[in-house]
Amino acid sequence: MNVTRRFFLQSTGALALYLGVSPLTLLGANGLPLGTRTVKKGKTLVVIFLRGGADGLNLVVPHADAAYAKMRPSIAVPGPAAKAEGRAIDLDGFFGLHPRLAPLVPLFESGMAVAAHAVGYDKNTRSHFEEQDTWETGMTGNTIHSDGWLNRHLATSQGHGQIRAVSIGDALPRILHGKAPAFAIRGLDDLTVPTGKAPTESIAAALEHAYCCGAPSQRAGVQADATDLLSQSAGTTLDGMEQLRELAKAKYEPAAPYPRSGLAGRLMQVARLIKADVGLEVAELDLGGWDTHNNQGNGQFGPLANLAGELAEAVAAFTADMGDRMEDVLLVTISDFGRTAHENGTNGTDHGWANCLFAVGGAVQRAGKANPARGRVVGQWPGLAPDQLHQKRDLLHTTDFRDVLGELVKVHLGNDNIQTVLPQHQFKPVGLVA
């Protein structure tokens with residue numbers, strides 16, 4: 001019989017669910033061989049997934065595009081020159097930040113932050129399920145058998161520690177599913193094993209149970225012997241868990257205060273792991289609630305404003321806590337898709353097309369210094385006039401999202417095996433980072 005996800009979770013019980021150990025991590029979903037490329041030492045990529053489809057037009061506001069305010073009579077964020085509350089914070093004379101993103105302004109002013117607009121791809125289905133899968137796998141079309149692009153990076157490179165990838169949450173996200181080991185934890189302070197056995201004994205017993213009756217070598221694309229897979233992947237998992245538990249015993253004192261929000265708490269855990277020098281390369285966190293079909297609000301009130309505030313305050317605290325170490329850290333936001341250019345009949349926006357994303361870190365600053373003419377918002381602006389919209393309703397994409405992902409992996413992390421990480425796409429530089 002095949003070792004399925006259900007069988008693995010049943011055999012490992014609450015332990016696997018709690019620790020976020022993925023069966024795909026152990027079995028190798030696509031048989032990718034471990035690569036020989038060694039990534040840059042000390043570099044970390046932090047990905048925040050804004051789940052639900054964030055309205056990029058109200059986060060990075062094209063206030064100088066004449067069509068913007070006309071198509072959003074109740075939810076438009078007023079331009080910087082408007083005599084109204086909740087005005088956008090000007091970035092470059094054309095774009096402005098949502099006022100609740102004000103904590104990010106010093107990062108933009110120092111060159112540590114940049115936004116990319118009109119990012120997407122030409123097969124967007126506007127489906128949460130399909131588009132989250134697309135952004136997490138880096139693949140378009142049928143993604144059922146695809147692993148995560150972050151895991152493909154891990155599987156085609158060599159790192160500098162046992163804990164290369166972590167998701168701060170209850171379950172391992174699709175973006176980290178694959179052959180290479182990755183961990184999902186709620187937080188270091190909450191890291192306990194719900195059994196009477198020692199942690200290594202408990203996990204090892206669960207893994208042995210999962211392998212004893214299965215035939216992982218019979219899975220498509222997987223030729224390795226089950227014993228070898230267990231000793232390699234599971235051994236790394238056990239060593240990593242021991243490191244995490246040892247780290248959890250030490251009290252963490254951040255260099256700057258964090259707000260009391262879920263995202264801020266998770267980012268503080270990431271900062272703690274980076275500072276512990278355990279070899280962390282990639283970290284993933286979620287911030288949900290961006291599906292603003294109704295009563296979205298504008299620059300002052302509403303769910304989008306509240307989420308923008310939580311995001312900005314948490315990211316600003318994280319960068320302050322990291323201090324000089326942000327030179328080697330790159331934080332990036334991604335989302336399902338953008339929202340419709342026109343507001344709908346319930347003062348909200350519906351599923352759209354292209355979107356914006358944010359990048360914060362030393363790699364951003366280096367790119368700005370290499371190209372002084374580069375603005376605070378990169379990418380070709382397609383415009384919001386009726387004949388410039390996709391299907392007369394959505395912001396058109398001018399930058400392929402896979403080019404952004406490829407640049408994060410190749411330029412920041414140092415893995416040039418882009419054709420394996422993003423096999424369907426011919427990579428083109430964006431100039432987002434350097």
Would the range 262-274 turn up any residue that is free of Cβ contacts under 8 Å to residues at least 60 places away in the same chain, hydrophobic (A, V, I, L, M, F, W, C) and within 23 Å of N58 (Cα to Cα)?
yes
Name the residue that is farthest from T44 (Cα to Cα), counting only residues in the range 367-378 that are out of contact with any helix residue (DSSP H, G or I) (no Cβ under 8 Å at 6 or more places or on another chain) and surrounded by 15 or more Cβ atoms within 10 Å (Cβ to Cβ).
G375
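May I ask you to verify whether V430 is more than 16 Å from N151 (Cβ to Cβ), hydrophobic (A, V, I, L, M, F, W, C) and assigned to a helix (DSSP H, G or I)?
Criteria not met by V430.
For the range 379-390, enumerate the residues that are farther than 16 Å from A67 by Cα and buried (at least 16 other Cβ atoms within 10 Å of the Cβ).
If the condition is that a residue be farther than 16 Å from A67 by Cα and buried (at least 16 other Cβ atoms within 10 Å of the Cβ), then G379 is the only one that fits.
Quick one: in the range 78-134, of everything that is of a type in the set (D, E, K, R) and either within 13 Å of F358 (Cα to Cα) or touching a helix residue (DSSP H, G or I) at 6+ places or on another chain (Cβ under 9 Å) (or both), which residue is modelled with the lowest pLDDT?
Here the residue is E85.
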Go through the range 115-155 and give me each residue that's touching a Pro at 6+ places or on another chain (Cβ under 9 Å) and of a type in the set (D, E).
E136
Selected residue (criterion: modelled with the highest pLDDT) from residues of the range 216-246 that are among the aliphatic types (A, V, I, L, M) and within 23 Å of the chain's Cα centre (by Cα)
L244
Considering only residues of the range 107-122 that are in contact (Cβ under 8 Å) with a residue 24 or more places away in the chain and farther than 30 Å from H390 by Cα, which is surrounded by the most Cβ atoms within 10 Å (Cβ to Cβ)?
L107
Of all residues making up the range 247-278, the number that are modelled with pLDDT of 95 or more, in a loop (DSSP other than H, G, I, E, B) and either basic (K, R) or within 20 Å of R164 (Cα to Cα) (or both)
1
Does the range 35-45 include one or more residues that are at pLDDT 95 or above and either aromatic (F, W, Y) or under 22 Å from F337 (Cα atoms) (or both)?
yes
Condition test on L247, is it under 20 Å from D170 (Cβ atoms), surrounded by fewer than 22 Cβ atoms within 10 Å (Cβ to Cβ) and either touching a Leu at 6+ places or on another chain (Cβ under 7 Å) or touching a residue at least 24 places away in the same chain (Cβ under 8 Å) (or both)?
yes
Determine which member of the set Y68, Y18 is at pLDDT 95 or above, part of a helix (DSSP H, G or I), of a type in the set (S, T, Y) and surrounded by fewer than 23 Cβ atoms within 10 Å (Cβ to Cβ).
Y68
Residue within the range 348-357 that is among the polar types (S, T, N, Q), in contact with a strand residue (DSSP E or B) (Cβ under 9 Å, 6 or more places away or on another chain), within 20 Å of A76 (Cα to Cα) and in a loop (DSSP other than H, G, I, E, B) present
yes
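Anything in the range 94-131 that is in a loop (DSSP other than H, G, I, E, B) and over 12 Å from V60 (Cα atoms)? List them, or say none.
If the condition is that a residue be in a loop (DSSP other than H, G, I, E, B) and over 12 Å from V60 (Cα atoms), then S110, G111, M112, Y121, D122, K123, N124, T125, R126, S127 are the ones that fit.
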Determine, yes or no, whether L432 is among the hydrophobic types (A, V, I, L, M, F, W, C) and more than 26 Å from E327 (Cα to Cα).
no
For the range 391-416, enumerate the residues that are surrounded by fewer than 18 Cβ atoms within 10 Å (Cβ to Cβ) and either polar (S, T, N, Q) or without any contact (Cβ under 8 Å) to a residue 40 or more places away in the chain (or both).
Q391, K392, T398
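The values are calculated or read from the model by the stated rules, or taken from the named source; none is laboratory data. Everything numeric here is computed off the predicted structure, so don't read it as measured data. In this analysis, Cβ positions are derived from the backbone assuming ideal geometry, glycine residues included, and neighbour counts consider all displayed protein chains.
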